[in-house]
Amino acid sequence: MDEGRRIPQATVARLPRYLQALVEASEAGTLTLSSDDLARASGLNSAKVRKDLSFLGTYGTRGVGYNVAELTTEISGVLGLTDDRAVVIIGVGNLGSALASYEGFDRRGFKVVALLDADPEKVGTEVGGHVVRDVAELDQVVAEHDVTFAVIAVPAANAQDVADALIHAGVAALLNFAPTHLTVPDQVTCRTVDLSTELQILSFYEQLGDGPSAAVG
């Protein structure tokens, strides 16, 4: 991708949806997808799909559509997923354990390399095919696996301390599931997924009798 090309934030937010549709098409043995096919699989309209992909310099072939393998490679490159990205999960409670067992990471360009927890009763147990390590080993784990991504699945009261430790260890991207705002430096990317907030938003649209998809780009 041309480094000078600017891709709108809304387009970047939709690229994972296209990538998921492409991965599923590839697994089904499909070689090409039209913009209509990709739109249906992504829950969007074909005009938006074509415009989004044009920002990547990808226009498909008239009458044929998009080559699934080539477009998968293109979007993966834009998202920085040409190589599996090493991920650590901090916190092996119910949510952390479920995330550790989720097979979708490997299919989407991420590889969970370690689980860490501060609870002595959890350290040494096996979850999702990984032996849980002591969070005190965080610096060592990050160095061993060249980790740049971390999932925070700890109670809200501990989340900022965990984020600080991850940043100090050199982790530059955080996905936070704790229901609290985290303060991070400008060079660190942090996204928070608050499940309660998402349910409250769903409740808002449900009471209006309007689907929440109307609010999604």
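Below, the figures for the structure above:
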| read-out | value |
| --- | --- |
| Extension gain, Val12 back to Gln200 (0.36 nm per residue minus Cα-Cα distance, nm) | 65.2 nm |
| Trypsin sites (Lys or Arg not before Pro) within segment 1-72: DSSP coil, no more than 10 neighbouring Cβ in 10 Å | Arg5, Arg6, Arg62 |
| Quarter of the Cα convex hull surface for segment 1-101, i.e. its orientation-mean projected area (nm²) | 8.0 |
| Fewest-first sequence of Ile167, Ile152 by Cβ atoms within 10 Å of each Cβ | Ile167, Ile152 |
| Proxy reagent accessibility, fewest Cβ within 10 Å first, across Asp84, Asp52, Asp134 | Asp84, Asp134, Asp52 |
| For the chain, calculated [θ]222 nm from helices alone, where every DSSP H run of n ≥ 4 adds -39500 (n - 2.57) | -13000 deg cm²/dmol |
| Added length on full extension, which subtracts the Cα-Cα distance from 0.36 nm per residue, Asn45 to Ala118 | 21.6 nm |
| Sequence-distant lysines (8 or more away, or on other chains) whose Cα lies within less than 23 Å of Lys122 | Lys111 |
| Label-to-label distance, nm, for residues given as Thr125 and Asp106 (7 Å Cα→Cβ offset) | 2.3 |
| Solution diffusion estimate, µm²/s, Stokes-Einstein, segment 48-124, Kirkwood Rh from C-alpha pairs, 25 °C, viscosity 0.890 mPa s | 162 |
| Neighbour-limited loop hits for trypsin sites (Lys or Arg not before Pro), segment 69-119 (at most 14 other Cβ within 10 Å; DSSP other than H, G, I, E, B) | none |
| Length gained when the stretch Thr73-Thr192 is fully extended (0.36 nm per residue, less Cα-Cα span) | 40.1 nm |
| Distance from segment 137-181 to segment 112-136 (C-alpha centre basis), Å | 14 |
| In sequence order, calculated HN-Hα J values of segment 200-207 (Karplus, 6.51, -1.76, 1.60; Hz; x Gly/Pro) | 5, 5, 4, 4, 4, 6, 5, 5 |
| GNM top mover of Gly93, Gly63, Gly128 - the chain, alpha-carbon springs below 10 Å | Gly63 |
| Per-selection Rg to Rh, the chain - Cα, Kirkwood hydrodynamic radius | 1.01 |
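Read-outs: derived from the displayed coordinates by stated rules, not from any lab. These numbers were taken from a predicted model, which means no experiment stands behind them. Cβ: placed from backbone, ideal geometry, glycine included. Neighbour counts: every protein chain shown.
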